[in-house]
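Right, one structure below, let's go through it.
The values are calculated or read from the model by the stated rules, or taken from the named source; none is laboratory data. Just so it is clear, the structure is predicted and the values come from calculations on it, not from any experiment. Neighbour counts are summed over all protein chains in view; Cβ atoms, including those assigned to glycine, are modelled from backbone coordinates with ideal geometry. Note: accessible area is taken over every heavy atom of the protein model, side chains too, but ligands, DNA and RNA are not part of it. Shrake-Rupley method; radii C 1.70, N 1.55, O 1.52, S 1.80 Å.
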Amino acid sequence: MNNKVVIYAFGFLILFFYSFQFFSYLYFILDTRDEIGYLSDSLLLLEGMRPSFSHSPSGLSTWFGSIFVLFNFIFNFFNELEFTIFNLFNVFDKTLFFHYQNLSYIKISLYLLNIFFLIYFFKENKNSSFFIIFLMTQLSPYLLDLSLSGKPYFLSQIFLAISLILRNKKNNNSIIFFALSVSERLENFVLLPFFIINNNQKIKKLINFILVFAAVSPWFTIAFIQNLKVLVTWILYNQEQGENNFQNFKYFFIIVYIFSLIFISFISQKKILDFAIFFVLLIISVNYFTNYIPFRWTLPSLTLVLFYISNYIDVNFYNIKKYLLIILSFLSIFFLITYKNISISDKEFTNNSNSNYIFEPMKIYETASFDLFLKHQEKITKITNIKNINYFKSDKAPLAFGESGNLERLFFRRYEFINRYQEIDNKNKQKFIIGESGLFLNKSEWCNLIYLNGLKPCQKN
């Protein structure tokens, strides 16, 4: 059995189990509830509105989700008996409602995008162990929450892996795939010097990167200052809420991490020092800083480490490579089979049937009525400068970014469609979206509001 057959067989076997796990956890939120926003952004884009997570920025995956829904709309419209403007708008509304209510179909579109580029990844790398090692790591229990998520973490690393392979082949398309990876997850930007420095066409590559990134994620570049404000506010907010004893260590690590990535660009690829530096950084991040530094920030360096590891294996352990690949592949499959998560599926989430009020976070699949929720939230979110007033706890809050920063208006668009078109047997079942930040209210605050409006009170615990 030659190496190519081994990679073919076990690569596709791992993909099969990835697919099995993805659909098994289709209605699970394994990472954070931000996944709902990422998936809904494809529908906002199709409406001609700015994606709510434009600061992230989530590029090609958002476009593809929109195209996926657009084809669904075209199919639905041509099934109409009468082609009128009213029917056109009505079918468009019903199509958006269908996907707003059940975001799993847009999540499946992300899966299809992942599979397509994984196949391209395999095609470009079929004579190396990088493909297997990459999948083994990304689909391990430690990272599987991100890989199965509706966020484009996995896709961004696939793009980055492809760009590294093409860079090794001196293929000019390398910078395009790198721009695609950054357009999905902004933290990949730290590797830009790696693709620019020591290149005879630095300016041209930089321009190509900017053009591709701007074309794929125009919502980030058009509102560049607003998006920077969101990122900076998030960092400063976490600094204020965090433990001060660790803040200096956190920022020190980030500075060391970024400068190490720049330094690596000046080192010859043939030196094993490349791998050593990143391996040390990875060990530090995993063992000491994961509670204070989101591990997802270090994913770009992890992919780069894996690339160097695969090169080292291919060159130095060629004769035992196929046996190593078999072992690694079986370990990956074992991880996938045994992986379990304590999360409850959004379809299995049970509500108190004796209560008229449901207090839950956003869900992938929504079935309740949102009459009272929208009545309150639409009134609040339309107040001038409400985001700054709420954040600074003052009517004299600064005006800057007060309107553009009102992301909750974009989040609530989904519930306007759901409440307008869904058929509900029990209209008395009112759902309230709970949260702990922005313009969201927690359960206790909702209960107080319900009580003050003369409605039946609810339990606050």
Rounded to the nearest 10 Å², the accessible area of L39 at probe 1.4 Å: 10 Å²
GluC sites (Glu not before Pro) restricted to the range 1-98 and DSSP loop, no more than 10 other C-beta within 10 Å: E82
Could you list, in their original order, any pairs among K151/K396; K94/K229; K363/K387; K347/K387; K151/K387 whose Cα atoms are separated by more than 29 Å? K151/K396; K94/K229; K347/K387
For I358, which sequence-distant residues (separation of 5 or more, or a different chain) have an amide H within less than 5 Å of its own amide H, given hydrogens modelled in the peptide plane? Q430, K431, F432
Using alpha carbon centroids, what distance separates the range 121-154 and the range 77-116, in Å? 30 Å
Rounded to the nearest 0.05, what FRET efficiency do F189 and L81 give with R0 = 56 Å and r taken as the Cβ-Cβ distance? Could you check? 0.65
Of the options N72, T137, F98, report the single residue whose Cα projects farthest towards the positive end of the charge dipole of the range 1-138 (beta-carbon charges: Lys, Arg +1; Asp, Glu -1). T137
Assuming a ≥ b ≥ c are the square roots of the Cα gyration tensor eigenvalues, decide whether the range 46-121 counts as rounded (a/c under 1.5), prolate (otherwise, with a/b larger than b/c) or oblate. prolate
So how far apart, in nm, are the two label points at I197 and I74 if each is 7 Å from Cα heading toward Cβ? 4.6 nm
Measuring from the lowest to the highest alpha carbon on each principal axis, how far does the range 123-181 reach, largest first, in angstroms? 34, 24, 15
Using a probe of 1.4 angstrom, how much of the accessible area of the range 76-163 is carbon and sulfur, in percent? 67 percent
So which trypsin sites (Lys or Arg not before Pro) in the range 359-407 are both in a DSSP loop and have at most 15 other Cβ atoms within 10 Å of their Cβ? K382, K393, K396
